[in-house]
Amino acid sequence: IFVSEPEYLKTINISEPNDIFSKCKFMLLEPDNITRQYIDQFFIENNIFIKPEVEINTMDFIIEFAKIGLGITVVIKSFIEKELKEGRLVEIPVSPPIPPREVGIIHDKNKPLSIAAETFISYFTALRE
């Protein structure tokens, strides 16, 4: 989802949600990141052209930069549920919305999973529910 610190949005004159693409500063993950590639594909498919002001290698940093009002970013919603609930970040609706991604996990059902693998699978299973 697209998010920003609420006060940042107040400083920008936005009449339509998609105005963010022409009026706002963007912070994105670095181009070689798989999540960034997914977002870039979304931009291409929707004729959205932006040049990010900042490119960062971890989502944690990009979330922190958004929380201090440096611009708009794209994050995985489940990573910022607390910030959304507390109002430190707000979701910016765009049309069309970014489609959800699918995650697939393959393992040999004839071999026992490690505790780490079981935890990983249960985490992603919980996200889908």
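Candidate cross-link partners of Lys109 among the aspartates and glutamates, defined by an alpha-carbon separation under 17 Å and a same-chain spacing of 8 or more, comprise Glu118. What does the charge count around Ile68 come to, taking other residues whose C-beta lies under 13 Å from its C-beta (Lys +1, Arg +1, Asp -1, Glu -1)? Local net charge: -1. Let a ≥ b ≥ c be the square roots of the eigenvalues of the Cα gyration tensor of region 79-129; is it rounded (a/c under 1.5), or, if not, prolate (a/b larger than b/c) or oblate? Oblate. Across q = 0.19, 0.25, 0.28, 0.31 Å⁻¹, region 28-70 modelled as identical point scatterers on its alpha-carbon atoms has Debye log10 I(q)/I(0) values of -0.59, -0.91, -1.02, -1.10, in the order of the q list. Taking every DSSP beta bridge that has both ends in the chain, the antiparallel portion is near 50%.
Using Cα-Cα distances under 8 Å and only pairs 6 or more residues apart, what relative contact order does the chain have, in percent? Write out the running numbers ahead of the final one.
Values: 139 pairs, mean separation 47.7, N = 129.
The normalised contact order for the chain reaches 37 percent.
Between the Cα long axis of helix 34-45 and the first principal axis of the chain there is an angle of about 50°, rounded to the nearest 10.
What would the Debye formula give as log10 I(q)/I(0) at q = 0.16, 0.21 Å⁻¹ for the alpha-carbon point model of the chain, no solvent? Each listed q corresponds, in turn, to -0.85, -1.30.
The order of Met59, Met27 by accessible area, most exposed first and with a 1.4 Å probe, is Met59, Met27.
How large a share of the accessible area of the chain, in percent, is made up of carbon and sulfur atoms when the probe is 1.4 Å and the other protein chains stay in place? Answer for the chain is 56 percent, counting heavy atoms of protein chains only. Positive contributions from Lys and Arg (+1) and negative ones from Asp and Glu (-1), summed over other residues with Cβ under 15 Å from the Cβ of Phe26, come out at -2.
The residues of the chain expose on average 68 square angstrom of accessible surface per residue, using a 1.4 Å probe on protein heavy atoms.
For Ile50, neighbours were defined as the other residues whose beta-carbon sits under 11 Å from its Cβ, and their charges (Lys and Arg +1, Asp and Glu -1) total +1.
For Glu45 and Glu16 in the same chain, what is the full-extension length gain: residue separation times 0.36 nm, less their Cα-Cα distance, in nm?
Length gained, Glu45 through Glu16: 8.5 nm.
Quarter the surface of the alpha carbon convex hull of region 45-112 and you get the mean projected area, 7.5 square nanometres.
The values are calculated or read from the model by the stated rules, or taken from the named source; none is laboratory data. If you're wondering where the values come from, they're calculated on a predicted model, not measured in any experiment. Note that we place each Cβ from the backbone using ideal geometry, even for glycine, and neighbour counts take in every protein chain shown. With ligands, DNA and RNA removed, areas are computed over all heavy atoms of the protein, side chains included. Shrake-Rupley method; radii C 1.70, N 1.55, O 1.52, S 1.80 Å.
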